[in-house]
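The values are calculated or read from the model by the stated rules, or taken from the named source; none is laboratory data. All figures in this text were calculated on a predicted structure; none of them were measured in a lab. Ideal geometry is used to build each Cβ from the backbone, glycine not excepted, and the neighbour counts take in all protein chains shown. Ligands, DNA and RNA are excluded from the accessible area calculation, which covers all protein heavy atoms including side chains. Shrake-Rupley method; radii C 1.70, N 1.55, O 1.52, S 1.80 Å.
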Amino acid sequence: MLISLIAIAPPSAIPLMAKKKPGTVSATTNISIALPDFIILHYYSGLTLNFEQFSSAVDQGSADFEVQWSGTAKSNNALAEENTVSQLPARITIQMPNVWAIRGLSPSGSAMISIEITNSNIVSGTSVITMASGSGNIEIDDNAGHSGTTINTNLNGIGTNTATIGNVQITLDFSRTTRAGLHTGGQYKITAETI
């Protein structure tokens, strides 16, 4: 008598039917971006400088006069020019902070900034305040040690929080100024160029 034994394997031992794998392919794309030079200049189109009020009494000492009965008076004393020199200077240099800024991109990461006077006279009728030109009189600086009529400075990208912020120095001459009140017409120009 034949006895056949059939061994039944537990389910975990039964091989699963092989699943078909889908076809797969991958590829890599290289991206290049060509950015142009560009620069943004922030500036004030108008500045008003409000000077503090100033008054002064200057004691010139004393003087003797010889007076005639006709009313004519003579004195050996006179207010000589050296005695009437004002306590205020006729020429002052002003540093105006944070009046320009630049941001942008350039191949070197830098920009060239220059300043020039385009109208030196600030006037009220015949009263004139003159902006002096040339190095030492009209200058810019970038708060990073670069100053002059033309400077090279960092161009730190396009973000407003990384902008390069700078100052302007002007020298004003009051030797032809004869009136109080608003004087207008002076003008300087800032030029920003990528390098």
Practice task
On the protein heavy atoms, probe 1.4 angstrom, tell me the percent of accessible surface of the chain carried by carbon and sulfur.
Solution key: 54 percent
Problem - For the chain, size of Cβ-based charge dipole, Lys and Arg +1, Asp and Glu -1, in debye - result: 1700 debye
Handout entry: Accessible surface, per residue, of the chain when the full set of protein chains is kept, probe 1.4 Å, Å²
Key = 76 Å²
